[in-house]
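**Q** I'd like to ask some things about the structure below.
The values are calculated or read from the model by the stated rules, or taken from the named source; none is laboratory data. In this text, all values refer to a predicted model and were calculated from it rather than measured experimentally. Glycine gets a Cβ as well: all are built from the backbone with ideal geometry, and neighbour counts include every protein chain shown.
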Amino acid sequence: MNKIQKLIKGLGLLFKKPRLINLIMDSEFHWKKYLKKHHNNLLQLPTADISQLIENSSELNHYTFLGGGSLPTDIALLKSLSKKISNCSYFEIGTWRGESVINVSETAKECFTLNLSKDDILAEGLPEKYADLHGILSKERDNVTHLFGNTLNYDFSALGKKFDLIFIDGNHKYEFVKNDTEKVFSHLVHKDSIVVWHDYAANPEKTRYDVLAGILDGLSKEKQANLYHVSNSLCAIYYPKGLESKSIDFPILPKKLFKVIIQSKEI
């Protein structure tokens with residue numbers, strides 16, 4: 001099939017199913033082109049070595065190794081950052097099973113986690129079992145407050161407080177990442193706040209261009225100078241004091257190893 005035949009077939013499919021245009025608009029090709037045009041061909045953030053941010057020995061006591069969660073290094077990053085901040089006040093967007101917030105609750109003074117309500121989740125056509133799993137690990141934790149709402153219309157200013165550490169891990173489509181970034185920096189940060197975005201990377205060596213575009217479009221130019229990818233993780237980070245960083249040529253020749261000890265218990 002030549003290019004003209006492919007074009008005719010593609011237009012025919014779009015005519016029959018117009019929603020297929022969303023696949024094109026959400027494609028890696030589209031967002032790569034967008035970054036080249038609107039962000040001076042910035043396709044990846046400078047990489048900061050994770051050893052600057054986590055303790056040499058970091059223990060996770062609540063990890064499920066199930067789908068939709070974070071890498072162990074992602075949660076170790078959050079837990080270590082919160083431990084370094086005296087009386088840390090932590091806020092996150094996106095609760096899922098509560099895996100990240102329950103780990104952070106061991107080192108932070110107070111934690112707030114925002115997610116869609118059960119009714120909102122069901123209204124999206126998702127099964128009740130999926131809705132009921134949200135916060136299942138963290139809902140009984142005394143220093144964790146579960147909030148409910150859609151970040152597109154949630155009144156963040158009503159919280160009336162600023163947070164030391166913020167984790168953005170909600171819907172990862174461009175418009176949500178941009179919205180969440182704008183609102184976090186408008187209402188929840190103080191001058192020393194650290195902000196972490198999950199799923200900036202599809203894996204620790206591959207940028208998600210739509211998420212990067214959302215972060216950049218939601219963040220002021222002056223703050224972008226303190227924006228990094230954290231090595232060996234899926235996370236991007238805004239670190240107001242700055243970090244040592246460098247451009248990485250992927251794929252990486254490994255220069256560090258992590259020791260992992262796995263123990264399980266029934267819950």
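**Q** Picking from 230, 211, which residue would you name as being in contact with an Asp or Glu (Cβ under 7 Å, 6 or more places away or on another chain), surrounded by 22 or more Cβ atoms within 10 Å (Cβ to Cβ) and of a type in the set (Val, Ile, Thr)?
**A** 211 is the lone residue from the list that is in contact with an Asp or Glu (Cβ under 7 Å, 6 or more places away or on another chain), surrounded by 22 or more Cβ atoms within 10 Å (Cβ to Cβ) and of a type in the set (Val, Ile, Thr).
**Q** Sort out which residues of segment 214-241 are touching a strand residue (DSSP E or B) at 6+ places or on another chain (Cβ under 9 Å), in a loop (DSSP other than H, G, I, E, B) and either touching a residue at least 60 places away in the same chain (Cβ under 8 Å) or small (Gly, Ala, Ser) (or both), and write them in order of number.
**A** Residues satisfying the conditions are 231, 233, 234, 235, 239.
**Q** Here's a follow-up. Just for segment 87-128: of the residues that are hydroxyl-bearing (Ser, Thr, Tyr) and touching a helix residue (DSSP H, G or I) at 6+ places or on another chain (Cβ under 6 Å), which one is surrounded by the fewest Cβ atoms within 10 Å (Cβ to Cβ)?
**A** So the residue we want is 107.
**Q** Determine whether residue 83 is surrounded by 14 or more Cβ atoms within 10 Å (Cβ to Cβ) and over 19 Å from the mean Cα position of the chain (by Cα).
**A** Yes.
**Q** In segment 54-65, what count of residues is obtained for those that are out of contact with any Ser or Thr (no Cβ under 6 Å at 6 or more places or on another chain) and touching a residue at least 12 places away in the same chain (Cβ under 8 Å)?
**A** Of the residues in segment 54-65, 5 are out of contact with any Ser or Thr (no Cβ under 6 Å at 6 or more places or on another chain) and touching a residue at least 12 places away in the same chain (Cβ under 8 Å).
**Q** Can you tell me which condition residue 131 does not meet? The list is (1) of a type outside the set (D, E, K, R); (2) surrounded by fewer than 14 Cβ atoms within 10 Å (Cβ to Cβ); (3) touching a Leu at 6+ places or on another chain (Cβ under 7 Å), and all the others hold.
**A** The failed condition is (2).
**Q** Tell me yes or no: at least one residue of segment 202-216 is at pLDDT 95 or above, farther than 23 Å from residue 192 by Cα and acidic (Asp, Glu).
**A** yes
**Q** While we're on this one: Please determine, by comparing only the residues of segment 1-53 that are modelled with pLDDT of 95 or more and of a type in the set (A, V, I, L, M), which one is nearest to residue 233 (Cα to Cα).
**A** It comes out as 50.
**Q** Ok, one more. Take residue 198 and decide whether it is surrounded by 12 or more Cβ atoms within 10 Å (Cβ to Cβ), in contact with a Cys (Cβ under 7 Å, 6 or more places away or on another chain), in contact (Cβ under 8 Å) with a residue 24 or more places away in the chain and under 26 Å from residue 58 (Cα atoms).
**A** Here the answer is yes, as residue 198 does meet what is asked.
**Q** Still on this structure, I have one more. Only one of these is part of a loop (DSSP other than H, G, I, E, B), more than 27 Å from residue 210 (Cα to Cα) and polar (S, T, N, Q): 80, 70, 58. Name it.
**A** 58
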